[in-house]
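The values are calculated or read from the model by the stated rules, or taken from the named source; none is laboratory data. This one's a predicted model, so the numbers in the text were calculated from it and none came from an experiment. Virtual Cβ from ideal backbone geometry, glycine too; neighbours counted across all protein chains shown. These accessible areas exclude ligands, DNA and RNA; they are computed on the full protein's heavy atoms, side chains included. Shrake-Rupley method; radii C 1.70, N 1.55, O 1.52, S 1.80 Å.
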Amino acid sequence: GLTSGIALIIAIGQIDNFLGIKTAGAESSALKLLGYFHGGYAPDWRSLLLGLTVILIMIFWPKNWNRYFPASLLAIILTTAFAALAKWSVPAIGAIPQSIILSDHLRLTDLSLATLQELINPALTIAALGAIESLLCGTVASNMTGIRLNADQELIAQGVGNMLIPFFGGVPATAAIARTSVGIKSGGKTRVVSLVHALVLLASMAVLAPIMAQIPLSALAGVLIVTAWRMNEWENIRYIFSRRFKTAIFTFLVTLAATVSLDLTQAILIGVFLSGLVYLNQSAAIHIQFKPVDPDKILERGIHLAQSELGKVTVAYLSGPLFFAATGHFTEAFSKIPTDATLILSMRGVPLVDTSGLQALQELQQKLNNGGGKLMITSLQPAVEKMLLRSGLADAVGGQNIFWSAELAIQAAAQNSIQAI
């Protein structure tokens, strides 16, 4: 949802350039998009033709040729040359600064204790936003390439770069999703892509600035629109829609809408919150399956048990985390268990238990203990066993009532019943 939302933001931000027009700004991309439906503007057919030409070249250029010559670069060269030869007056990039160090840059003498105190809060805010956007860009790149993101390396490099940029007159920068996607789609495979990118930009600024100034903005818009389209994780989107996963579809659509309608930080928070709610809802549905003891299997072990005593032994298989959201269902499921019964809990499918889950187990143990029944626990995972030991519940249940498997517990319950008879 975030990736598709950012793709929409990139595409919407290029509509003006693509159509060769200039419309009023808006607080969000969604409002900007709605503004186009109000009309009151006339697209420049020459800009539109150049942008469409770029899109068609990028779509139909054979993919295996991209490694030798990127379609986006070819499209830019051809459309720029055509616009110059035809002497079309279309919006272009315009003059490009050719100085590395701007006149208005940071000097150490500009800093004072009062200035630092004023800047500390906005600096932390910008650093946090920059980290989020860079990690998001890295996630997008990881999804496109299958290469795992090294988050520490990304953030350290960004931090060092942003501490040096002000001395050249620059502002804080983050990883750019649009340019990263263009690099990947153009055949880039390694981190050398970024180095080549930086050096080519520097050389272009120093040597090719007069030529680059003539590049039509609609041509660049065409490149970014295609890039935005390709940024979407279409395989995953088709999967959740074709399988009709309602919660995934809902989370995707809401996160996408929030990304386009609100700022990126709010969209991330909403997406994470929704994903957390979905996980919480799914995790809360702990599955409890009751199974009576099979008398034939008891006989195979050479144990003869009366049917009246056999009926007092119940085995319950638990699957899912036993935490605060699942304790209500857990308590309700065992509310009808006779207090004089022997209850065997098989917890092999329980990966974790929190304090609320421990309290629910303790209440069940006390209920059975007070009624003359017994609680047996089997198949504990290490994390769950550790929690039972720390809480003292393992001692309350008794080591003799904790087993490695449900079968061993059933045998012990049967033997105890025989001894009681």
Name the residues in region 276-287 that are open to solvent by less than 60 Å² (accessible area, probe 1.4 Å) and modelled with pLDDT of 80 or more, would you?
Gly276, Ile286
Taking Ala71, is it more than 21 Å from Lys22 (Cα to Cα) and either out of contact with any Lys or Arg (no Cβ under 9 Å at 6 or more places or on another chain) or open to solvent by less than 50 Å² (accessible area, probe 1.4 Å) (or both)?
yes
The correct count of residues that are open to solvent by 90 Å² or more (accessible area, probe 1.4 Å), among the polar types (S, T, N, Q) and either in a helix (DSSP H, G or I) or in contact with a Pro (Cβ under 9 Å, 6 or more places away or on another chain) (or both) in region 74-89 is 0
Only residues in region 114-133 that are within 20 Å of Ile177 (Cα to Cα) count as the first member; pair them with residues that are part of a helix (DSSP H, G or I) and open to solvent by 60 Å² or more (accessible area, probe 1.4 Å), Cβ under 7 angstrom, at least 6 apart or cross-chain, and list the lot.
Ala131/Leu155
Check every one of the helices (runs of 4 or more DSSP H) wholly within region 137-226 and list those with 1 or more residues that are exposed (fewer than 13 other Cβ atoms within 10 Å of the Cβ).
151-164, 192-206, 209-212
Being farther than 14 Å from Ser319 by Cα and of a type in the set (A, V, I, L, M, F, W, C) is the filter here; which residues of region 345-376 pass it?
Leu358, Ala360, Leu361, Leu364, Leu368, Leu375, Met376
Positions within region 302-334 being of a type outside the set (A, V, I, L, M), at pLDDT 80 or above, in contact with a Gly (Cβ under 9 Å, 6 or more places away or on another chain) and not in a helix (DSSP H, G or I), in sequence order
Tyr317, Ser319, Gly320, Pro321, Phe323, Phe324
